[in-house]
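The values are calculated or read from the model by the stated rules, or taken from the named source; none is laboratory data. The structure presented is a predicted model; accordingly, all values stated were derived computationally and were not measured. Here the Cβ positions follow ideal geometry from the backbone for every residue, glycine too, while neighbour counts run over all protein chains shown. Accessible surface is based on the protein model in full, side chains and every heavy atom, while ligands, DNA and RNA are left aside. Shrake-Rupley method; radii C 1.70, N 1.55, O 1.52, S 1.80 Å.
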Amino acid sequence: MASTVPFSPAKVQMLQATNCHGHAPFGSCFAVPRTGPRPRSVAVRVSSEQEAAAAVRAPSGRSIEECEADAVAGRFPAPAAFVKPKAPDGTPEIRPLDMPKRPRRNRRSPALRAAFQETTISPANLVLPLFIHEGEEDAPIGAMPGCFRLGWQHGLLDEVYKARDVGVNSFVLFPKVPDALKSPTGVEAYNDNGLVPRTIRLLKDKFPDIIVYTDVALDPYSSDGHDGIVREDGVILNDETVYQLCKQAVSQARAGADVVSPSDMMDGRVGAIRSALDAEGFNDVSIMSYTAKYASSFYGPFREALDSNPRFGDKKTYQMNPANYREALLETAADEAEGADILLVKPGLPYLDIIRLLRDNSALPIAAYQVSGEYSMIKAGGALNMIDEEKVMMESLMCLRRAGADVILTYFARQAAAVLCGMGSAAK
């Protein structure tokens, strides 16, 4: 039964000044002012629950009560007949297998597959390697389609801006150093006004919230192209090289680096760098150690990008043998004990077993480097229409994550992030 509630003129005016939700007027809820003299009081009709329910009608015009009565009486449409989809002619008639467990049940629709997906990837998991040089123009890298040596003052900033636009906020720097600045002992590596420190300061000034990783190794600065100082008989000096690496790491930290990344594979360098950083007050600068860096043939395009091929010999006396598995546990234990914050495996996809090994044996974050050879193979296959570049790119990154990588250093970072943001590969 409807009832009436009297309101004073002041109350009516307040109601007219608010919308139907009791808030300030907005959009279609705006109260239309009345014209003419206001009555002394207004009666507002309040419907009972029964009247309100009766006012709600089904599309057929029947009320809820009428529909419920039909359901109670069994008066509702009969269900459509079940029609089993036909198999192709020639399919054998069989008795279904007696299987209580059928894993395919959880894969039968996109919604179910998404609900039960165990591994995910986001732009936050990606670190974009950037090649920098002293020039003002960006120089394409022939062996790495889509990659450039970036001018540190202009092209670099543009690339970082575009990457941030799709959610990539972590970057690692690799310098192309002029030959005239290279030396047997790599002294340019710790020049506070060198290419890398200048670039770090610029990036931190323009984008203070990004994470800047640096490479700690002598090969870009060495006239011999090796990661360490080379004795006259060809031996790579370990402890003398570590001394230089400590000065390099401190110089990078002084410029504003967030994470220094020794990639040289010298023994004891993580502990020495940690001590050097702490002694200079850089206790908060992290170390990402190249824990399991293999003497791989997948690095070729990278060395072209930096012109850092060894002038003689190879790097097998300090980088790991690709045939070795258990040795990675020795390197893991050493780096953890010496104070590493992140453990990295390089290369990535051919070494998924090593990524999983480190993941299962360490609580530290695990990084994987999808190296230049992996990148260039996918690019070449896509250019020749042998594979779907975008799908293979995303699958390869997902596999690295599934194996246990928390972060992935990849030249696909911006392109993959664009896909993850729903932009496709338009942001190549």
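Some points to look at:
- Placing +1 on the Cβ of every Lys and Arg and -1 on the Cβ of every Asp and Glu, with no other charges, gives the range 123-421 a dipole of roughly 460 debye about its Cα centre.
- Averaging the sequence gap over all C-alpha pairs within less than 8 Å and six or more residues apart, then dividing by the number of residues, gives the range 202-330 a relative contact order of 26 percent.
- Thr91, Thr214, ranked by accessible area, largest first (probe 1.4 Å): Thr91, Thr214
- Loop trypsin sites (Lys or Arg not before Pro), the range 280-355 (other Cβ atoms within 10 Å of the site Cβ: 15 or fewer; DSSP): Arg311, Lys316, Arg326
- Here the contact order of the range 123-421, divided by its residue count and restricted to Cα pairs under 8 Å and six or more residues apart, works out to 19 percent.
- Estimated inter-spin distance, Ile211 and Asp284, nm [label 7 Å along Cα→Cβ]: 1.5
- A protection proxy built from the mean count of other Cβ atoms within 10 Å ranks the segments 76-83, 270-277, 62-69, most packed first, as 270-277, 62-69, 76-83.
- Point-to-point label distance, Gln153-Lys204, nm (Cα→Cβ direction, 7 Å offset): 2.1
- Residue pairs, from the table Lys176/Lys316; Lys293/Lys379; Lys162/Lys379; Lys176/Lys379; Lys204/Lys315; Lys182/Lys315, whose Cα atoms sit over 25 Å apart: Lys204/Lys315
- Equivalent ellipsoid of the range 116-244: semi-axes from √(5λ) of the C-alpha gyration tensor, largest first, are 30, 19, 14 Å.
- Rounded FRET efficiency, nearest 0.05, which uses the C-beta distance separating Asp192 from Phe312 and R0 of 30 Å: 0.45
- The residue list His226, Thr241, Gly381 was ranked by how far each Cα lies along the charge dipole of the range 123-421 toward its positive end, using unit charges on Cβ atoms, and Gly381 comes out on top.
- For the range 92-199, chymotrypsin sites (Phe, Trp or Tyr not before Pro) are listed when DSSP marks them as loop and at most 15 other Cβ atoms sit within 10 Å of their Cβ; the list is Phe116.
- Residues His133, His154, His226, sorted by accessible area with the largest first, give His154, His133, His226 [1.4 Å probe; ligands and nucleic acids excluded].
- Segment Asn385..Glu118, full-extension length gain: 93.1 nm, with 0.36 nm per residue of separation and the alpha-carbon distance subtracted.
- Those chymotrypsin sites (Phe, Trp or Tyr not before Pro) in the range 231-314 that DSSP places in a loop and that have at most 15 other beta carbons within 10 Å: Phe312
- Remark: the range 335-349, residue by residue, has Karplus-estimated 3J(HN,Hα) of 5, 4, 5, 8, x, 5, 9, 9, 10, 10, 10, 8, x, x, 4 Hz, where x stands for each Gly or Pro and the curve is 6.51 cos²θ - 1.76 cosθ + 1.60 at θ = phi - 60°.
- With the simple spin-label model, which puts each label point 7 Å out from Cα in the Cβ direction, the Asn361 to Phe82 separation comes to 5.4 nm.
- Solvent-free Debye calculation, one equal scatterer per alpha-carbon of the range 123-421: log10 I(q)/I(0) at 0.10, 0.15 Å⁻¹ equals -0.49, -1.22.
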